[in-house]
1. With Val114, Val97 as the choices, which residue is within 14 Å of Ala26 (Cβ to Cβ), of a type in the set (A, V, I, L, M, F, W, C) and modelled with pLDDT of 95 or more?
2. Of the residues that sit in the range 201-242 and are of a type in the set (Asp, Glu) and in a helix (DSSP H, G or I), which one is surrounded by the fewest Cβ atoms within 10 Å (Cβ to Cβ)?
3. So, of the residues in the range 1-47 that are over 15 Å from the mean Cα position of the chain (by Cα) and not in a helix (DSSP H, G or I), which turns out to be farthest from Trp125 (Cα to Cα)?
4. Name the residues in the range 139-154 that are touching a helix residue (DSSP H, G or I) at 6+ places or on another chain (Cβ under 8 Å), in a helix (DSSP H, G or I) and within 15 Å of Glu226 (Cα to Cα), would you?
5. Kindly check whether there is at least one residue in the range 160-172 that is surrounded by fewer than 17 Cβ atoms within 10 Å (Cβ to Cβ), touching a residue at least 24 places away in the same chain (Cβ under 8 Å) and assigned by TED's automatic domain parsing to the domain that holds Val234.
6. Count, please, the residues in the range 62-91 that happen to be assigned to a helix (DSSP H, G or I), among the β-branched types (Val, Ile, Thr), within 24 Å of the chain's Cα centre (by Cα) and crowded, with 16+ Cβ neighbours inside 10 Å.
7. Which numbered condition trips up Arg227, out of (1) modelled with pLDDT of 90 or more; (2) within 20 Å of Leu135 (Cα to Cα); (3) within 19 Å of the chain's Cα centre (by Cα)?
8. Identify the single condition in (1) assigned to a loop (DSSP other than H, G, I, E, B); (2) in contact (Cβ under 8 Å) with a residue 12 or more places away in the chain that Leu258 does not satisfy, given that it satisfies every other one.
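The values are calculated or read from the model by the stated rules, or taken from the named source; none is laboratory data. Predicted, not measured: the structure shown is a model, and the values here were computed from it. Note that each Cβ is placed from the backbone with ideal geometry, even for glycine, and that neighbours are counted across all protein chains shown.
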Amino acid sequence: MQTFERFRTAVRLGTGWDRRTADHGAQSVLVTLFERITGGQAADVAQQLSPPDGFLPQPLMERSRPAERFGVEEFLRRVAEREHVDTEAARLLTSTVLNALGLVIPHKEWKDTVAQLPTEFEQLWSIPWRPRHPLQSAADLLDPVGARSGLSTDEARRVADAVLHILAECLSVTVAGELAQRLPDDLRAPLEQGLAHRSAPLPFTPENFLKLLAVRLGTDPQSARERARAVLQVLVEEIDDSVLADLLAELPADFDDLLVPTPSRAGSV
């Protein structure tokens with residue numbers, strides 16, 4: 001994924017929103033952030049993020065523009081006003097967007113950005129911003145996969161093994177290895193097998209991923225899609241932010257719909 005696609009996907013993972021709603025929420029927070037930092041720093045962040053044309057107001061990125069001076073309370077008030085939500089919802093959205101931004105832009109750029117904010121702002125990126133359910137055993141993956149897909153434990157295991165095996169074939173050795181290290185011992189085998197039997201894969205696209213999964217499971221692409229979603233959604237809740245960042249960097253465009261649960265209603269985080 002390109003940087004902005006990774007950013008959008010991270011925002012969606014934190015909010016559970018569809019792309020359009022997530023983009024609007026991200027705009028509300030980023031515009032407020034850009035108002036609070038200098039135009040030069042805003043321009044640097046935008047250059048790294050590479051949003052679509054018109055996503056952010058160009059005047060906020062004029063390098064000679066000084067930062068507006070306001071605190072957390074005013075920051076959240078502006079986000080709440082732009083999103084038509086209360087302050088607590090604005091706080092949760094802001095946490096998600098800022099953490100997503102820190103996930104995808106270079107560390108130095110993130111540090112330069114937060115250096116322009118008073119220490120009271122740290123509360124906005126220090127709270128949990130996305131669902132996390134670390135896995136202690138295979139059951140921690142297979143039980144929720146079964147619950148989301150309606151599969152038996154044995155069938156959930158077969159699907160999970162196939163998904164992990166294909167990921168190991170398609171991802172870089174480094175990222176597949178990082179993923180394997182984060183999984184319990186009883187879930188590592190398919191990743192290790194995929195790494196050991198890598199060949200010249202098809203171009204890594206969602207379509208090819210699902211076709212390959214459908215063949216291995218002996219099912220149709222739509223069924224493969226629903227089963228892959230169940231596994232991948234649980235998997236991304238297990239990994240920490242550093243591995244998530246590396247994973248998103250290697251996943252292809254439009255893979256976000258396989259990672260994000262069915263969108264929640266707009267306005268809830």
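1. Just one listed residue meets the conditions, Val97.
2. Filtering first and then ranking leaves Glu207.
3. Thr38
4. Listed by number, the residues that qualify are Leu142, Pro144, Val145, Gly146, Arg148, Ser149.
5. Yes: one or more hits.
6. Within the range 62-91, residues that are assigned to a helix (DSSP H, G or I), among the β-branched types (Val, Ile, Thr), within 24 Å of the chain's Cα centre (by Cα) and crowded, with 16+ Cβ neighbours inside 10 Å number 1.
7. (3)
8. Condition (1) is where Leu258 drops out.
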